[in-house]
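First the structure, in the form of structure tokens, and then the observations on it.
Just so you know, all these numbers are worked out from the coordinates, no wet-lab data involved. No experiment lies behind these values; they were computed from the predicted model shown.
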Amino acid sequence: MRIATMIGAVLAGVMIGGSEPARSEPVHAIAMHGKPALPADFTHLLFTNPRAPKGGKITYGVVGTFDSLNPFILKSMRTTARGIIDTEFGNLVYEPLMMRSAGEPFTLYGLLAETVEMDEDRTFIQYNLNPKARWSDGKPVTPEDVVFTFELLRDKGRPPFSTRLDRVEKMEIIDVDSVRFTFNDKSNREFPLILSMTPILPKHATDVDSFDQSSLDPPIGSGPYRVAAVEPGERITFERNNEYWAKDLPVKRGQDNFDQIVIEYFLSATTQFEAFKKGVFDVYPDGSATNWIRGYDFPAAKSGAVVKKTYNKQTPSGMYGFVFNLRRPPFADRNVRKALTMLFDFEWVNKNFYENVYTRTESFWQGSMLSSYKRAASAAEKALLAPFLDAVEPSLLDGSFRLPVSDASGRDRRIQRAAYELLVEAGYRISEGKMLDPSGQPLAFEIMTQNEGQEKMAIAYQRSLAPLGIEVEIRTVDDAQYQQRSQEFDYDVIIKSYPSSLSPGFEQLGRWGSAARDVPGSFNYAGVADPAVDAMIDALLNARELEDFQAAVRAYDRVLLSGYYVVPTYHLSEGYLAHWQRVTGPGGMTPLYGTYFPAWWDTSVK
């Protein structure tokens, strides 16, 4: 080991072992379950074109605003410019030790880490850095950078980055290119993969003292692009780094093809789509079935200059709906939450707003083998749930659970009667046209929305609740206020989306785990703190075999649905994407996680 490396490690407080640590066979990739699809000598990742031309430009359009280029701190948690680290557009500036494959449920291939070592029980992971890895200023990426990153994020970062070292017993710089993490008893089988996806920061170019403050200074990263121009809240421009260290690696072949990437910001979805129609930006993932049917009668779409693509989704439905804040008194009672869930008239909404194109969501993983929908609990699931007999409703245990199906009138008296009986059981009564709680206070709450689509759905829900004397106010706020109030849990009811993957894991702790309930900026919007939820998360995180993993997720699905934390609304079984012909992507089968923009290219470049 070089003397400078040893001194730097000691100063950083990193343990350098006196005895040689246990070694395992270095591998190019790791998978959560099973084996990676691609061998060590693979030439490129699935769903990329290794012969894609380089050059040209792409412009993306997003709704919102930004005031920072630092995605790692609480202050700018939801107002950081897109693209710095980005699951949709790619990690343009900062890169992780390993990168995810869009063609596999949860497999990571080496990036900053050329190879990794890990024992069968996953008690440690060692990253052997690629000696070619460089920051955008030409300096090498070192083990000291890795250690520095995790310690800085622990001290000044936001969740989930700030808690990653909670599961680490020690960090050791092994040699000039290797760093090892040994885990404690808080770890689980997924944690090494989560650790591997942490973006790494340059020690020599990061100001520790001001790190927890928002900044618009262009950062130095190891990624394929540099920040070229910033217009706060309106636009950010990235330019390709022609000296990018990983451009010839198989893991990056056929990607990062544009010389310039621009991300335009819009105040609303309406102005965003109007801008797309005019060619202001190039690709539009359309989440509105109504707009998909009605909105493409403009000249460019008619002439073929704008292309519409429909593809079958290969991922679970996820969950989108009204989220109750259990920190507020009305929602502490599960019977109240259940009654309010029953009163959302999906059939009326689907008929009157969306031309009956949506499917009612009745599982967090609907459309996949991980879903409990229409499946009776297996023996393995029942064993997991046995200590929590009251956590799952009988209909969710035997697979017969269905949300009420209305007559689409908006006033289905059969459903209203059933919901009313639940509220009476919880001590409520109607007096002078108002639903009153046991202390005589009205059952009233506010729904916070952030756009016209959410507001329209909230108004429909308000309409369904009114006949039972339930008072609902709707408050639509600007993006900045919405993000701030979400971060501080300052709401009664909020509309949120919970995307689901084929490999749910560590992120579930932040969404539903008890430890995240009172952490500002966490994604536990509902304020759930339930031992049954925690136990099911632990089971899915520690499952070794695929069958055990599927059983744990299904049991978890049943517990979440039985809690009535979210009023499920709807989902699409298809994905919609419109784009101008000046950009395109690889043809053939769609990746598991949808369109993979880092592999697109400019069609004008030959």
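Structure summary
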item: Percent of beta bridges antiparallel (DSSP, region 319-571, rounded to nearest 5); result: 65
item: Cα-based Rg / Dmax (Å) for region 126-207; result: 12.7, 39
item: Degrees between helix 531-542 axis and first principal axis of the chain (Cα, 0 to 90, nearest 10); result: 30
item: For region 319-571, alpha-carbon Rg over 2.2 N^0.38 Å; result: 0.99
item: Helix-derived mean residue ellipticity, 222 nm - over the chain, DSSP H n ≥ 4, -39500 (n - 2.57), to 500; result: -7000 deg cm²/dmol
item: For region 340-348, Karplus couplings with θ = phi - 60° (6.51, -1.76, 1.60), whole Hz, Gly/Pro x; result: 5, 5, 4, 7, 6, 8, 4, 4, 5
item: √(5λ) per eigenvalue of the Cα gyration tensor, region 455-606, largest first, Å; result: 32, 26, 16
item: Value of relative contact order over the chain, rounded to a whole percent, pairs C-alpha under 8 Å and six or more apart; result: 20
item: Candidate lysines for bridging to K170, where Cα separation is under 21 Å - those fewer than 8 sequence places away on the same chain excluded; result: K156, K186, K203
item: Other-chain or far-sequence residues with amide H under 5 Å of L436's (modelled H); result: R429, I430, S431, L443
item: Rg and Dmax of the chain, Cα atoms only, in Å; result: 25.1, 82
item: Amide H contacts under 5 Å for D492, placed H, 5+ residues apart; result: E446, M448
item: Other-chain or far-sequence residues with amide H under 5 Å of F266's (modelled H); result: V62, V63, G64
item: From phi via Karplus (6.51, -1.76, 1.60), per-residue ³J(HN,Hα) for region 119-124 in Hz, x at Gly/Pro; result: 7, 4, 8, 6, 8, 8
item: Estimated translational D of region 464-515 in µm²/s (Stokes, Kirkwood radius over Cα pairs; 20 °C; 1.002 mPa s); result: 152
item: Estimated vicinal HN-Hα couplings, Hz - region 164-174 in sequence order (Karplus 6.51, -1.76, 1.60; Gly, Pro = x); result: 5, 6, 4, 9, 10, 6, 7, 10, 9, 7, 7
item: Convex hull of region 285-358 built on C-alpha atoms - directionally averaged projected area, nm²; result: 7.4
